[in-house]
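**Student:** Okay, here's the structure, questions in a sec.
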Amino acid sequence: MNFEVERLLRREVRDLPVYSPGKSPEEVAREMGIPDCVKMASNENPLGPSPMAVEAVRRSLSSAHLYPDARSLRLREALSRRLGVDADRILITHGADEVFDLLAYAFLDRGDRVVVGDPTFSSYELAARTMGAEVVRVPLREYRQDIPAMLGSVDARTKMMVLCSPLNPTGTTVSAAELEEALAGLPAETLLVLDEAYLEYVDDPEHPDSLRYFASDPRLVIARTFSKIYGLAGLRVGYALCWPPVREALEKVKLPFNVNRLAQVAAEAALEDEEHLERSRESNRQGKRKLYRVLEECGFRYVPTQANFILVHNGEHHDLFTELLRRGIIVRDGAALGIPGHVRITIGDEEQNRRLEAALREIAGGG
Ligand SMILES: *Cc1c(COP(=O)(O)O)cnc(C)c1O
């Protein structure tokens, strides 16, 4: 039988790269014979999930035979109270990643364009290309999204521009003035998608409150997640803030039961656990301060970050990624993130940070 799947496939799918996650400790143990690795690569919360979320999941397990609420009403109401945003402007999703997929399904046709930073989080491009849209990548300037250049790339075919703040993989943010510039410069019918996956880690008091702009601008779609500071990456839950007409469009293309029961109850409980949130923030703040100092003492240049990861310049250590891997530390290789010559390191807990420090000192000392 002469079966060629290539001939069945849509062209867009045939040409699509496969998302490659970082290495797992198990893989490194198996492939390189290094047991006991620490993974500081996926920007997960090293403190784990909120104990209240774990308890809520446990309680809800015996209802696992029941379909989840297709509209995630309780979680939307909890978010609505917390954020002061109407529940009909909230869409709960299967991780923030699903927001980008749904936007692409609902809005993008072959020939449409999406403007993004370069580098940026890869999901925007994968979603857009799946629908045959063209992705226009605009290089960063000094590790920051270049708003004027991005606006300069917008044309009549541009359906959306995506900003990420703090930006993965650099940890830099979009200022209030830049956000205003973006909204003022975009055509009336172009969406501005703002990814705030790391918002809760931001400690810059000048960081814009996107909800202020969202209140009056129906083009703004904000994506957020429970995967990062809330520590629920394994359960897959995030949300979009968007005006009702946009939400209705996205609802048409989402799976009916896109967010499972456990994820819904866990997110709702996590939202109430202020103490875990504050502890996570403080742990990150201290880890960041400590890591800055170690990097400076070791002579590594880095990009000051507003998130829970730090982009570090390899400097003379051309394969810093592998040098760290050999010492049992898994980070993300910048080459895989579109920013060669760097590694992206997730700030860990005290123990992980200590191991990282020892490895960096050894590498810097030529050991
Ligand atoms: C991790 C991440 C997300 C969210 O991922 P989900 O787990 O799908 O919620 C979104 N945007 C950026 C920039 C991220 O780094």
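The values are calculated or read from the model by the stated rules, or taken from the named source; none is laboratory data. None of the values given here were measured: they were computed from a predicted structure. Every residue, glycine as well, gets a Cβ built from its backbone with ideal geometry; the counts of neighbours run over all protein chains shown. Protein only, heavy atoms only, side chains kept; ligands, DNA and RNA dropped before computing areas. Shrake-Rupley method; radii C 1.70, N 1.55, O 1.52, S 1.80 Å.
**Student:** Could you work out [θ]222 nm for the chain from helices alone, using -39500 (n - 2.57) per DSSP H run of at least four and dividing by all its residues? Round to the nearest 500 deg cm²/dmol.
**Tutor:** The helix contribution divided over the chain gives -11500 deg cm²/dmol.
**Student:** Measure up Lys39/Lys252; Lys23/Lys288; Lys23/Lys228 against 26 Å on the Cα-Cα distance and list the ones that go over.
**Tutor:** In this structure, Lys39/Lys252 exceed 26 Å between Cα atoms.
**Student:** Whole angstrom only: what separates the Cα centroid of segment 62-92 from the Cα centroid of segment 1-60?
**Tutor:** Segment 62-92 and segment 1-60 have Cα centres separated by 26 Å.
**Student:** Counting other Cβ atoms within 10 Å, which trypsin sites (Lys or Arg not before Pro) in segment 262-367 have at most 13 and lie in a DSSP loop? Don't skip to the end; give the middle numbers.
**Tutor:** Details: sites: Arg279, Arg281, Arg285, Lys288, Arg289, Lys290, Arg293, Arg301, Arg326, Arg327, Arg332, Arg344, Arg354, Arg355, Arg361; in loops: Arg301, Arg327.
Hits after loop and neighbour filter: Arg301.
**Student:** Using the Karplus equation 6.51 cos²θ - 1.76 cosθ + 1.60 (θ = phi - 60°), what ³J(HN,Hα) coupling, rounded to whole Hz, does each residue of segment 204-212 give in order, writing x for Gly and Pro?
**Tutor:** Going residue by residue, I get 7, x, 7, 4, x, 8, 4, 5, 4 Hz, with x marking Gly and Pro.
**Student:** Here is a further query. Tabulate in residue order the Karplus-calculated ³J(HN,Hα) for segment 249-261, using 6.51 cos²θ - 1.76 cosθ + 1.60 with θ = phi - 60°, rounded to whole Hz; enter x for Gly and Pro.
**Tutor:** Taking θ as phi minus 60°, the curve returns 5, 5, 5, 4, 9, 7, 5, x, 10, 6, 10, 6, 3 Hz for segment 249-261.
**Student:** Can you pull out the GluC sites (Glu not before Pro) in segment 73-158 that DSSP calls coil and that have at most 13 other Cβ atoms within 10 Å?
**Tutor:** Values: sites: Glu77, Glu98, Glu125, Glu134, Glu142; in loops: Glu142.
Passing both the DSSP loop test and the Cβ count: Glu142.
**Student:** Tell me the per residue accessible area of segment 55-124 using a 1.4 Å probe; a whole number in Å² is fine. Spell out each step's value before the answer.
**Tutor:** Numbers: 3410 Å² over 70 residues.
Result: 49 Å² of accessible area for each residue.
**Student:** Take the solvent-accessible surface of the protein heavy atoms, probe 1.4 Å, and return the percent of it on segment 109-157 that carbon and sulfur atoms account for.
**Tutor:** Working: 1050 of 2250 Å².
Percent of accessible area from carbon and sulfur atoms in segment 109-157: 47.
**Student:** Once neighbouring chains are kept in place and the probe is 1.4 Å, which whole percent of the accessible area of segment 41-89 is contributed by carbon and sulfur? Write out the running numbers ahead of the final one.
**Tutor:** On the way: 1530 of 2930 Å².
About 52 percent, which is the carbon plus sulfur part of the accessible surface.
**Student:** Still on this model: Residue-wise, which Karplus ³J(HN,Hα) couplings in Hz belong to segment 96-112, taking 6.51 cos²θ - 1.76 cosθ + 1.60, θ = phi - 60°, and x for glycine or proline?
**Tutor:** 5, 3, 5, 4, 5, 4, 5, 4, 5, 4, 7, 10, 9, 10, 4, x, 6
**Student:** In the chain, once you exclude exposed chymotrypsin sites (Phe, Trp or Tyr not before Pro) (DSSP loop, at most 11 other Cβ within 10 angstrom), what's the longest stretch remaining? Working shown, then result.
**Tutor:** Values: sites that count: Phe3, Tyr19.
Longest gap between qualifying sites, sites excluded: 20-367.
**Student:** Tell me which residues come under 5 Å, amide H to amide H, from Asp118 once H is placed; ignore anything under 5 positions away on its chain.
**Tutor:** Val138, Leu140
**Student:** Counting only residues 5 or more places away or on other chains, whose amide H sits under 5 Å from the amide H of Thr158 once H atoms are built in the peptide plane?
**Tutor:** Under 5 Å from the amide H of Thr158: Arg113.
**Student:** So what is the accessible area of segment 186-268 per residue, in Å², with the probe set to 1.4 Å? Walk me through the intermediate numbers first.
**Tutor:** On the way: 3060 Å² over 83 residues.
Solvent-accessible surface per residue comes out at 37 Å².
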